[in-house]
Structures are given as structure tokens and as C-alpha cells.
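Read through the structure below, which is laid out as C-alpha cells, and then see the notes.
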Amino acid sequence: MQAIFNESFEKDLSADFFKSSSVGLAVFDEQLRYQMVNPYLAATHGPSAEAHFGRHVRDILGEIALQVEPAIEQVLATQQPVFNVQVLGPLPGRLHGGRWTDNFFPLSDLNGAVKGVGAVVIELPKHACFQLPHPKGVIGGGVIRSWKEIAEYVGTCVKTLQRWEHAYGFPVRRLSHNKGAVVFALTREVDDWINRRSQIIRGHGHITLAEVPSFTSKK
């Protein structure tokens, strides 16, 4: 079973996505053991990415694991994502405590059965206050879920957004290549993309300034 699990996720997860240097990423199995972790999150925790493999979440996070275990178990039980889990406290071996916003997603094997949980972890600045969920799918930590809610945040339609992704690199993220995989975006990446595209000369390619609303025009 362990070999099948690993093979499935190695095929499904995007290597480029998992090597992201801007957010923490992890995969847990049904026993809440780490199966994958990206270098960014490993550096936050202390142990290397390789040292995470097969270890229970409590072995890595210590007491603050009690704040995330219920969310992981809920995803496994309901097969639905859990967003905006606020985590606060010290990590083993880390002198000072930290604050994080965690988001958890179900991950399926090749037969479509949920066999693990993916995590997107965003560390908050030391003096940041925890945020309540924002409207239109924007959740604490600046994560927007689903094509519809990303389009609403930007102020365009889903088809245009998907065209921007393929033609102009609009920053949409996925946890796997499976059809119907969870799609989400980070608000800071979306805002940066909008600001960059707004500098392009009107009429260049298939995109114009009219198609790229300014940050201030968002609803």
C-alpha cells in the first residue's frame, strides 16, 4: 500500500509547484505521516525534507500539531477541503514562536479514492493579526479557491482567466494534474501579475489594458 501511495502522488504532483519557494507545501497519508514536504516548509520546521518522510505530524510540529490534526482528519473523513486554519505557537528547536494560516485539500489515488491530504502553509509576519475569512472566496493568508472565485477577485470571467493562464502565465496553482483537481491562487501573486500586465502597451498580443483591471478596480 505504501509503495502504491507514493507512486500515485509522485505522478500526480507537479514538480515545479512542489518546489515553490514562496509557500510551504506538504502531503500527509491517512496516518497523518509526512509523505512529501517542500524545501521552504522544511526550512521552517528545521529537519530536512528527507527527514520528514514517514514521521507523524506531532514528531515534527510538537504541541502545535494538536491545532492541525483535527483539520487533516476532517479532510480524510469528509473528502472536502478545510481552509483558514490558524496556527500559533513554538516549533521544536525554534527559539521563537510563529503564526501560520494552513489550508488542507484531499488528494486522490489513481482510482479516485482519497488517500492523503495536501497542505498549503503560509507563514504570517510576526506582528500580523489573524484574519477572518474574506468574501468571495478569499481566505486568511491570501488564498483564493476555485476558478469562479479567482475570476470574481480579478473582475473577469472564468474563460478569460483560463486563457490568461495559458497565454500569459496567470498564476493559478494546482495540487495535482488530475482532472478536477483543486485550483487556487495566492492574492499577492495575482496582484503582482495584474500590476505587471498593466504596464504592457495597449493592444499587445491578445490582451489589452481593458482586459486587465487595475488593482483598485476590484470589487
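Rule-based calculations on the coordinates, nothing more; no lab input. All figures in this text were calculated on a predicted structure; none of them were measured in a lab. Heads up, the Cβs are rebuilt from the backbone with ideal geometry, glycines too, and the neighbour counts pull from every protein chain shown.
Some notes on this structure:
- Selection within segment 78-105 - of a type in the set (Val, Ile, Thr) and surrounded by 12 or more Cβ atoms within 10 Å (Cβ to Cβ): 82, 85, 87, 101
- Within segment 68-113, the residues that satisfy the criterion of being of a type in the set (S, T, N, Q) and out of contact with any Gly (no Cβ under 9 Å at 6 or more places or on another chain) are 74, 78, 79, 80, 111.
- Within segment 29-48, residues that are more than 17 Å from residue 103 (Cβ to Cβ) sit with their Cβ atoms under 8 Å from residues that are outside any loop (DSSP other than H, G, I, E, B) and of a type in the set (Lys, Arg), at 6+ positions apart or across chains, in these pairs: 29/115; 30/115.
- Residue 28 meets each of the listed conditions (1) assigned to a strand (DSSP E or B); (2) farther than 25 Å from residue 112 by Cβ apart from (2).
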